[in-house]
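Working notes, structure below.
The values are calculated or read from the model by the stated rules, or taken from the named source; none is laboratory data. Everything numeric in this text was worked out from a predicted model, so none of it was measured. Glycine also receives a Cβ, built like all others from the backbone with ideal geometry; neighbour counts cover every protein chain displayed. For accessibility, only protein heavy atoms count, side chains too; no ligands or nucleic acids. Shrake-Rupley method; radii C 1.70, N 1.55, O 1.52, S 1.80 Å.
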Amino acid sequence: MRAAARTAPALPSSSASAADSADIASRPTLQRYARSLPSLETPAKTRQIENEARTDARFPMKIVTRFAPSPTGFLHIGGARTALFNWLYARHVGGVFRLRIEDTDRARSTPEATQAILDGLKWLGLDWDGETVFQFSRAARHAEVAHAMLAKGHAYYAYETPEVLQRMREAQKAAGKSIRYEGPWRERDAKDAPPGVKPVIRLKAPTAGETVVEDLVQGTVRVANEQLDDMVLLRADGTPTYMLSVVVDDHDMDVTDIIRGDDHLTNAFRQSQIYKAMGWEIPRFAHIPLIHGADGAKLSKRHGALGVAEYRKMGFLPAAMRNYLLRLGWGHGDVDIISTEDAVKLFEIADIGRSPSRFDLAKLTNMNGHYIRAADDAALAAAAEPFIAEKLDRALTPAQRERLGRGMAGLKQRAKTLVELADAALFYCRERPIPVADKARALLDGAGREHVGALAAAFGALGDWNEAALEAAMRDQIERRGAKMGDVAQPLRAALTGQTQSPGLFEVMAALGRDEALGRLADAAK
RNA sequence: GCCCCCAUCGUCUAGUGGCCCAGGACGCCUGCCUCUCACGUAGGUAACAGGGGUUCGAAUCCCCUUGGGGGCGCCA
């Protein structure tokens, strides 16, 4: 039946590498499916047999997932997670992950939003296979399918205007009835059509029985067909509705597994009716619970939902973001820290949870700290540099960049975001004389300044400028002066960094380098 | 209003009938480490929504209630 579907206009093909890996995907994947299916009852078995059939050499079974956002705003956290899950699953089974921009709503779609989504996915490191499909460009094919359904008797013309429909809905609401289309055109002949009204094409949906969706996350979900009405497939202006477009595109793109938000669960019923009407194979559905805000309310643009770009600006690392999003609704035992590499190995749809979760910035921040600490020093310095340059309002000099690189090991223990890291790193990137904070200045009065002066002399006499030598010299001075480490260390820190908090002193001096460190001490001892 | 989904610490979750007077992580509190701040480390706080069943035995299975969420467009 897949073959029959090949009448579609050419779609951009998937990447060659993905096609090459198709055979590896077949066997183990089947077993995984058996596990990930909600029950071992008849439907599951039937589905497994269908999968067997598709291992036919001409149409090797290949998993195809997709992410299909509509470009009406930025890529928010929920969309990002949906994309991540689709991406992970495709990579896990050696399948294909595709991107489709659902821009059929011409009034609300913008190129800026499309760009924001693309940028967000790239930043998150979710690469997709093949070319991006723009749904609007396929409108003619959607209309073609609507007319094919008309020809098969699975659809009909309906002549109500939007205003009439609106009144019908209001009447139903007032009468306490469920809101469904119950117009006369399902049975009436088109020749009775009122003049001047452009018709829509509606699906002739079954009125008896029930529609069942075998959802990989929610299990078997069924609804009585009398609850579902005859939805519009093609608008009066000849453009397709979402419900039609998704089905046609998913079919034409050979999508086998649809992982998407819970809010689409009821759509799945209607969509499977379209699949059935066209005689197309129904893909597997996995409806994942939505992410809510910290207060439990739906995450929306005006309710704490930020675009992925905002998290980037707040100094979160893509790897941390992926890990956090992964743990929102998916788990592998009780492990929290899971690298993307491991996630690709472990990700199973069967392990997706069924209950909604809340977005917790504190936990994301903690995870980000973990990834910062684990990051490579040079890579981290490069990632932090734009944040530092922005705070300084200038680019770093080569010398400052070197100090930053040498100081990174200590810096990264103390930061949970790149913004914090940049703040903490600022003193390495200042030129003498460095600005001194009030609290630090207070430490450089009287006794403090004397300590610094004595220390400067001792350090200046050192042959080797390294942490061990500096520490030995300092301990020696402390002993001679009959002081305590605590009394001497803070003034020294103030002189070196202009702050009261910093990485370890010897590390700071080593990273600063002899000339810079001694210079700063001299500045403070003046 | 009708339909669908969900329900373990404040949050993310482990748990698929006995190993659980419920484990981990974040947060919060306390101690230790210590030149500051962190990191690390030792501990503490805190949950099976309620009610009925089934069973020798229920966080786990069933039903009801309550609560939360989603959908019901010529939006996607």
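Just to be sure before I move on: is A:Arg202 surrounded by 13 or more Cβ atoms within 10 Å (Cβ to Cβ), of a type outside the set (Val, Ile, Thr), part of a loop (DSSP other than H, G, I, E, B) and within 14 Å of RNA strand B (Cβ to nearest atom) in the structure I sent?
Judged against the criteria, A:Arg202 is not a match.
Being of a type in the set (A, V, I, L, M), within 14 Å of RNA strand B (Cβ to nearest atom) and more than 18 Å from A:Ala294 (Cα to Cα) is the filter here, so list the residues in the stretch A:307-336 that pass it.
Residues satisfying the conditions are A:Ala320, A:Val335.
Going through A:Ala381, A:Ala350 one at a time, which residue ends up being touching a residue at least 24 places away in the same chain (Cβ under 8 Å), in a helix (DSSP H, G or I), hydrophobic (A, V, I, L, M, F, W, C) and under 29 Å from A:Asp295 (Cα atoms)?
A:Ala350
Just a yes or no: is a residue in the stretch A:228-241 out of contact with any strand residue (DSSP E or B) (no Cβ under 8 Å at 6 or more places or on another chain), open to solvent by less than 30 Å² (accessible area, probe 1.4 Å) and without any contact (Cβ under 8 Å) to a residue 40 or more places away in the chain?
no
Can you name every residue in the stretch A:87-131 that is surrounded by fewer than 18 Cβ atoms within 10 Å (Cβ to Cβ), among the small types (Gly, Ala, Ser) and modelled with pLDDT under 95?
A:Ala107
Any residue that is without any contact (Cβ under 8 Å) to a residue 12 or more places away in the chain, open to solvent by 50 Å² or more (accessible area, probe 1.4 Å), closer than 24 Å to A:Ala522 by Cβ and assigned to a loop (DSSP other than H, G, I, E, B) - is there at least one of those in the stretch A:398-421?
No: zero hits.
Could you check, for the stretch A:170-190, whether at least one of its residues is within 9 Å of RNA strand B (Cβ to nearest atom), modelled with pLDDT of 85 or more and open to solvent by 60 Å² or more (accessible area, probe 1.4 Å)?
Within the stretch A:170-190, none of the residues are within 9 Å of RNA strand B (Cβ to nearest atom), modelled with pLDDT of 85 or more and open to solvent by 60 Å² or more (accessible area, probe 1.4 Å).
Please specify each residue of the stretch A:337-360 satisfying the condition of being open to solvent by 40 Å² or more (accessible area, probe 1.4 Å), of a type outside the set (Val, Ile, Thr) and within 9 Å of RNA strand B (Cβ to nearest atom).
Listed by number, the residues that qualify are A:Ala350, A:Asp351, A:Arg354, A:Ser355, A:Pro356, A:Arg358, A:Asp360.
Please enumerate the residues belonging to the stretch A:80-108 that are under 19 Å from A:Ala305 (Cβ atoms) and without any contact (Cβ under 8 Å) to a residue 60 or more places away in the chain.
A:Ala83, A:Arg108
Starting from the stretch A:242-256, keep only residues that are within 13 Å of A:Phe285 (Cα to Cα), then list their pairs with residues that are at pLDDT 95 or above and aliphatic (A, V, I, L, M) whose Cβ atoms are within a distance under 6 Å, requiring at least 6 positions of separation or different chains.
From residues that are within 13 Å of A:Phe285 (Cα to Cα), the pairs are A:Val247/A:Ile274; A:Val255/A:Val64; A:Thr256/A:Ile63; A:Thr256/A:Val64.
Identify, from the list A:Gly73, A:Gly94, A:Gly120, the residue that is small (Gly, Ala, Ser) and either closer than 20 Å to A:Gly238 by Cα or assigned to a helix (DSSP H, G or I) (or both).
Every option except A:Gly120 fails the conditions.
Identify all residues within the stretch A:467-510 that are assigned to a loop (DSSP other than H, G, I, E, B) and open to solvent by 60 Å² or more (accessible area, probe 1.4 Å); write none if there are none.
A:Gly482, A:Lys484, A:Gln501
Would the stretch A:381-394 turn up any residue that is more than 30 Å from A:Gly219 (Cβ to Cβ), modelled with pLDDT under 95 and either open to solvent by 50 Å² or more (accessible area, probe 1.4 Å) or within 21 Å of the chain's Cα centre (by Cα) (or both)?
no
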